[in-house]
1. Choose one answer from ALA15, ALA106, ALA37: the residue with the largest mean-square fluctuation in a GNM of the chain with alpha-carbon springs under 10 Å.
2. Just the number please: accessible area per residue for the chain, 1.4 Å probe, all protein chains included, in Å².
3. Are there trypsin sites (Lys or Arg not before Pro) in the stretch 32-82 that DSSP puts in a loop and that have at most 16 other Cβ atoms within 10 Å, and which ones?
4. Just need the relative contact order of the chain here, percent rounded to a whole number, with Cα pairs under 8 Å and 6+ apart.
5. Let me check I've understood the local charge: for VAL96, count other residues with C-beta under 13 angstrom from its C-beta, Lys and Arg +1, Asp and Glu -1. What total comes out?
6. Indicate, rounded to the nearest 5 percent, the antiparallel portion of the DSSP beta bridges found entirely in the chain.
7. Tally up the carbon and sulfur contribution to the accessible surface of the chain as a whole percent, 1.4 Å probe, everything protein left in place.
8. Let me check I've understood the local charge: for GLY28, count other residues with C-beta under 14 angstrom from its C-beta, Lys and Arg +1, Asp and Glu -1. What total comes out?
Amino acid sequence: MLATTLPAFHRWFLATRASGAPGIVLYGDPALPKGLAAAVARHLNEFDDDSKGNWTAFAPELIAEISESAPQRGLLGLPDGCKDCPPNSPCGRKRVLQALGKRGQAVLDGTLAVAACAPLREVFRVSLGPPPETGLHFHLVLHPEHFSDRSLASIIGDTFLEWDATRELADSA
């Protein structure tokens, strides 16, 4: 699912989610295949039984709209703003992306999302092609030229589900 409107964001926000549900961040340079985040969310909504269909990708325009609105930022627990970080600046959008990643069941994409979610432990990171030289650990690095665009969402989604199951087993042991 791709959230493009505030009502779609509100439905995602109000949905019940499992405690500690992780998010996913996709990175690709020079560009990710168009619609990949939404395709990963759709795949997970079909195959992640615990998600109750709540995996969502967010359109960049919606991220900007949330970052510009004090009430929407407030839903995510973000401050009303600060003098060093105007709401729809890259810094403001980065704060929104980090809050979405922290909440979980969000598929985020792009360089800003990678930077925003860098401090979050419970985020599954995927790089299509060489990862950025940030020293950040990526859980999955794929060479997209070796796969069809149609298969990438299922490869990422299935690998995420295996990672999540292993993570849960390690936490329970």
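The values are calculated or read from the model by the stated rules, or taken from the named source; none is laboratory data. The model shown is predicted, which means the values in this text are computed figures rather than measured ones. Backbone-built Cβ (ideal geometry, glycine too); neighbour counts: all protein chains shown. SASA here: full protein model, heavy atoms, side chains in, ligands and nucleic acids out. Shrake-Rupley method; radii C 1.70, N 1.55, O 1.52, S 1.80 Å.
1. For the chain, modelled as a Gaussian network with Cα springs under 10 Å, the answer is ALA15.
2. Working: 8960 Å² over 173 residues.
Ligands and nucleic acids excluded, the result is 52 Å² per residue.
3. Numbers: sites: LYS34, ARG42, LYS52, ARG73; in loops: LYS34, LYS52.
Answer in residue order: LYS34, LYS52.
4. Numbers: 266 pairs, mean separation 50.9, N = 173.
This gives 29 percent for the chain.
5. Values: positive: ARG73, ARG93, LYS94, ARG95, LYS102, ARG103; negative: GLU61, GLU65, GLU68.
Result for the local shell: +3.
6. Numbers: 1 of 17 bridges.
Around 5 percent of the beta bridges assigned by DSSP in the chain are antiparallel ones.
7. On the way: 4950 of 8960 Å².
C and S fraction of accessible area: 55 percent.
8. On the way: positive: LYS34, ARG125; negative: ASP29, ASP109, GLU145, ASP149.
Once all neighbours under 14 Å are counted, the net charge is -2.
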